[in-house]
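The values are calculated or read from the model by the stated rules, or taken from the named source; none is laboratory data. Bear in mind that the values here come from a model prediction, so they are computed numbers and not experimental data. A quick note on method: Cβ atoms are made from the backbone with ideal geometry, for glycine too, and the neighbour counts reach across all protein chains shown. Side chains included, ligands, DNA and RNA excluded: accessible areas come from the protein's heavy atoms. Shrake-Rupley method; radii C 1.70, N 1.55, O 1.52, S 1.80 Å.
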Amino acid sequence: MMVSLAPGVTFCDVDGSRIFLDLNRDRYFSLGPLADPAFDALVRGRRPSDAERRRLDILAEAGILADLPFGEAPRPCRPVPIDRAPLDEDIAVTFSTMRVATGAIAFRLAKSAYRRRGLPRAWSRFRRSKESRLSALRAGSASELDELAYRFDAIGRMVGSLNHCVPFSLAIASACLAAELKVEVVLGVKLRPFQAHAWAVAGRTLISDRLSTVSQFTPIAIL
Amino acid sequence: MERDNDLIDLGSASVETQGPVFGHKDELIGQNVAGLTDD
């Protein structure tokens, strides 16, 4: 048995502070001054003191940690490397009105579903959709990803994507899955002040955003 | 009560459903978050 993060709980280090996301409970949180060193012992594989062990028991009771038979020591969310962002380039891309219209409808539906059901449901729905197609997914060509990035940029301006980064990222990622392209949706956080953001990356290409926006955020969960 | 000191709530991850925080807005979301900073 190994004390691990409970399923659905992820974390990242931001400027020396650990930020956690509990997807099942729909909360961002941090650890207090006594719990954080205890958690640090787990991360570093150090034997916790008796006092730290009591803190870890409290985190387990709170559903943050779990004793899992094949669990791993807690590790922060991995980085998501980005080599290019088409929206930062001056590319002439053409797309059909029909494809803009279908994308706009998909984004509107994603916004509406997200408003009603929140992140946990939207995340698990996208997970199921991705898992059902996993074996068919391939890396997208540069021209395919350029078309997606610029088409959804136009859709975002038309439908309104500001402050709707989660449904926007899920909509463009779902369009990737429909085209059998590999894609990841990333949730990221920053401090001073605390903010969260979501974006979509296909391979190493940022397709939902500009690099200057996402580079401020540290990934905390990837799907 | 110990649990309350050990977990500092930073807010809902679905804040688009609850308030204008998730996204680009430059706002603090609570007193506890201010406590995270060195300010």
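Number of residues in the range A:1-35 that are in contact with a Lys or Arg (Cβ under 7 Å, 6 or more places away or on another chain) and open to solvent by 50 Å² or more (accessible area, probe 1.4 Å): the value is 1. Cβ separations smaller than 7 Å between residues 6+ apart or across chains give the following pairs from the range A:49-67 residues that are facing another protein chain (nearest Cβ under 10 Å) to residues that are open to solvent by 80 Å² or more (accessible area, probe 1.4 Å) and not in a helix (DSSP H, G or I): A:55/A:34. Residues that are in contact with an Asp or Glu (Cβ under 9 Å, 6 or more places away or on another chain), assigned to a strand (DSSP E or B) and more than 25 Å from residue A:117 (Cα to Cα) occur at least once in the range A:178-199.
Close contacts from the range A:117-145, counting a first residue that is more than 14 Å from residue A:173 (Cβ to Cβ) and a second that is part of a helix (DSSP H, G or I) and open to solvent by 100 Å² or more (accessible area, probe 1.4 Å), with Cβ to Cβ under 9 Å and a gap of 6+ residues or different chains, come to A:117/A:125.
So how many residues does the range A:128-152 have that are more than 16 Å from residue A:184 (Cα to Cα) and either hydroxyl-bearing (Ser, Thr, Tyr) or in contact with a Cys (Cβ under 7 Å, 6 or more places away or on another chain) (or both)? Count: 2. All conditions in (1) farther than 17 Å from residue A:99 by Cβ; (2) open to solvent by less than 10 Å² (accessible area, probe 1.4 Å); (3) over 13 Å from the mean Cα position of the chain (by Cα) hold for residue A:152, with the sole exception of (1).
The residue that is least open to solvent (accessible area, probe 1.4 Å), among those in the range A:63-81 that are modelled with pLDDT under 90 and in contact with a helix residue (DSSP H, G or I) (Cβ under 9 Å, 6 or more places away or on another chain), is A:73.
Filter the range A:44-58 down to residues that are farther than 14 Å from residue B:7 by Cβ and acidic (Asp, Glu) and give me whichever is surrounded by the fewest Cβ atoms within 10 Å (Cβ to Cβ). Break it down stepwise before answering.
If we filter the range A:44-58 for residues that are farther than 14 Å from residue B:7 by Cβ, which is where we start, we get A:44-54.
The next check asks that each one be acidic (Asp, Glu); those that pass are A:50, A:52.
Working: A:50: 6, A:52: 19.
Among those that are farther than 14 Å from residue B:7 by Cβ and acidic (Asp, Glu), it is A:50.
Quick one: in the range A:106-131, which of the residues that are more than 19 Å from the chain's Cα centre (by Cα) and farther than 22 Å from residue A:206 by Cα is least open to solvent (accessible area, probe 1.4 Å)? Break it down into steps so the answer makes sense when it comes.
Start the filter on the range A:106-131 by keeping residues that are more than 19 Å from the chain's Cα centre (by Cα), which leaves A:106, A:108-109, A:112, A:116.
If we keep only those that are farther than 22 Å from residue A:206 by Cα as well, we get A:109, A:112, A:116.
Numbers: A:109: 116, A:112: 43, A:116: 155 Å².
Once the filter is applied, the top-ranked residue is A:112.
Among the candidates A:217, A:194, which residue alone is touching a helix residue (DSSP H, G or I) at 6+ places or on another chain (Cβ under 6 Å), buried (at least 17 other Cβ atoms within 10 Å of the Cβ) and either charged (D, E, K, R) or under 25 Å from residue A:18 (Cβ atoms) (or both)? After ruling out the rest, the residue left standing is A:194.
Suppose we keep only residues that are over 10 Å from the mean Cα position of the chain (by Cα) and open to solvent by 10 Å² or more (accessible area, probe 1.4 Å) within the range A:171-191. Which one would you say is farthest from residue A:139 (Cα to Cα)? Walk me through how you get there before you give the answer.
Applying the first criterion (over 10 Å from the mean Cα position of the chain (by Cα)) to the range A:171-191 yields A:171-183, A:190-191.
In the following step, the residues that additionally are open to solvent by 10 Å² or more (accessible area, probe 1.4 Å) were identified as A:174-175, A:178-180, A:182, A:190-191.
On the way: A:174: 15, A:175: 14, A:178: 13, A:179: 10, A:180: 9, A:182: 5, A:190: 29, A:191: 33 Å.
Taking the candidates together, the pick is A:191.
Among the residues of the range A:108-163, those identified as within 18 Å of residue A:88 (Cβ to Cβ), away from chain B (no Cβ under 14 Å) and either hydroxyl-bearing (Ser, Thr, Tyr) or assigned to a loop (DSSP other than H, G, I, E, B) (or both) are A:140, A:143, A:150.
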